[in-house]
1. Return an integer: the convex hull volume of the alpha-carbon atoms of the range 479-600, in Å³ per residue.
2. Would you calculate the separation in nanometres between label points at L517 and T405, each defined as 7 Å from the Cα along the Cα-to-beta-carbon direction?
3. What ranking, highest mean first, results for peptides 59-66, 371-378 when packing means the other Cβ atoms within 10 Å averaged over each residue?
4. Leaving out ligands and nucleic acids, note down the accessible area per residue over the chain with a 1.4 angstrom probe, in whole Å².
5. Where the accessible area of the range 480-579 is counted over protein heavy atoms with a 1.4 Å probe, how much of it, in %, is carbon and sulfur?
6. Using the charge dipole of the chain (Lys, Arg: +1 at Cβ; Asp, Glu: -1 at Cβ; taken about the Cα centre), state which of L577, F204, S549 has its Cα farthest towards the positive end.
7. Given H placed 1.01 Å from N in the peptide plane, which residues other than close sequence neighbours of S186 have an amide H under 5 Å from its amide H?
8. Gain in length, D359 to K500, computed as 0.36 nm per residue apart minus the alpha-carbon separation, to one decimal in nm?
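The values are calculated or read from the model by the stated rules, or taken from the named source; none is laboratory data. Just so it is clear, the model here is predicted, and its values are computed rather than measured. So basically every Cβ, Gly included, is an ideal-geometry build from the backbone, and we count neighbours across all protein chains shown. Surface areas here come from the heavy atoms of the whole protein model, side chains and all, with no ligands, DNA or RNA. Shrake-Rupley method; radii C 1.70, N 1.55, O 1.52, S 1.80 Å.
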Amino acid sequence: MHGGKGRRRLTRRASSTRSDAARRLAGARGRLGRGLGGEVPLDRLTTRDRLAWLNTAASHIGTTLDLERTAEELTRFTVPDFADGAAVDILESVLRGDEGERWTGTGIPPMRATALTAVESLSSLEPTPVGETFVRDETHHETLLHRYCLRQGRPVLVSRIRDEDFDRVAPTESAAAKMRAAGVHSYLAVPLIARGLLLGSADFVRGPGSPPFTRTDLALAEQLASQAAVFLDNARLYGRERERVVSLQRTLLPRATPVTRGLRVHAEYAPTATPHGAGGDWYDVMALPGGRTALMVGDVMGHGLPAAATMGRLRAVARTLMTLDMAPERVLARLDLATRDLEDEQVATFLCAVFDPADSSCTLALAGHLPPLLLDGEGSARFVDVPIGAPLGAGVIPYDAVRLTVPEGGGLVLYTDGLVKSRQADLSEQLELLRSAARGLSPEDLEGGGLVKRAPAGADRFDEAVVLSARSTPESLEDLRVWQLPQDGRAASAARHLVKEQLAAWRLGELADVCELVVSELVGNALRYGNGPGALRLLRGDRLVVEVSDTGPDLPQIQHADVSDEGGRGLQLVNMLCRRWGSCRTATGKVVWAEQNIPV
């Protein structure tokens, strides 16, 4: 019983002590905030009050890892609690993410005015505008701030500014005149130093109604600057890490979007302000044989440099697979195997689409990714119902593909979840907002990055995003011709005749002889090994491409032929006459194609 009462008395006493300390801390904060007319003037505050105010700095400065925001928080914390006006200038090199400096030159390093706060009565002053970079050398007016604070790393205290001191404090004569007129009478400047390196400076002024700065104020400002410098340096390191990740990310992404047949493609990568939100999203656009186009979007589950490195490897594998002109679902299956072989056991989502301009068809397959948007070109948009496969690396295959027709003037929008992901809203609601945003955008706005600007995640977006929009352009199909060939022995003759006539119409008659020979070999291969030819496709672009489809399951390969062999030299001939050739499987068989260079 007695022990219980004793514990209760101790508990009440500790609670009372904490309450008194909290009230005293709040009172000190309030008195500092009412320095121009509070209960206790600034010059009568006790050391305990000042230290209590200083202890609150950590909860008001450095709330984010943004360097400019941290500098602004420093000035807002000190005005009007400590000074009537405050300014923070940061070295330009620090704002770029470099280390601070130990300045030994005759001038001072380039600095940028980063933050500025002042009471209403000092609004007429003429400080360096925020965001402006200034350089001082021996030919410019040198202030006490430049001479001692920046060059020597020492604080500057001018407790009572005399008339001749204004020119030593203000950067220009005009600024000095404005300070005189406003009644500024006391000046204090402290360097911002972290790990022994100069990051910038903070200077403070007091005007009418406020007491002059004292040595105690100087010590308080130095302690505050020491804390703020650590926050600023953390923000610098954080920003540098982000820049490295984003730089690596951009390096691994395509540098330019290739010109594609029948499509107008726009790609956009939108990083976040934090390094933890960058590193795994990617896209790719590839021109395939026969005028087809591959559109790919992926997202590695993770962030930072490891995710960016994994993204680069997966993109390289995906490009290699698409170079073989494989079907999207086969590409996903191969990528799943490659992802499982990664040492760090990463998991990724992936969406692959292959567009064929001949019939405006698109074949899509996805692995754990969000469905793409299909725009009809008339102001309507819907999500494509694609079978959702497991993410890459999960080991759950096979994948299923879906084939659809892109309406004339319509298009597809492929994206990553950073565009819609939110910590507050439901994903289905966010997807509906995305559909509404895409529906309200014109094709020009969509290509101008309008979807990222109107992203449902908005200011709450904490993950990077990739948007790949592809709009159908049927006017570009004049260089593509497709014919159905007969299934008998007349196929080769018909193919030669069609190719010759079309090349003459395109004024490429000098390619006719080689192209007729190549198409004869491709049709002969289809008759012998593919159950007869299907479609003949001729494409004029940077190169001339001819392809023949059939229903055979086996892909052709070049074989060694002896002198006595009657066959086996067709593909050898195609290989010698053409720039390159290849084959790929389709849903109904395969396609064999060959490319010729077009003379300039």
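1. Given the Cα convex hull of the range 479-600, per-residue volume reads 105 Å³.
2. Rounded to a tenth, the inter-label distance reads 4.1 nm.
3. Result, highest mean first: 371-378, 59-66.
4. With the other protein chains kept in place, the chain gives 48 Å² per residue.
5. For the range 480-579, the apolar C and S fraction of the accessible surface comes to 46 percent.
6. F204
7. Distant-sequence amide H within range of S186: I161, R206.
8. Length difference between fully extended and current span is 48.4 nm.
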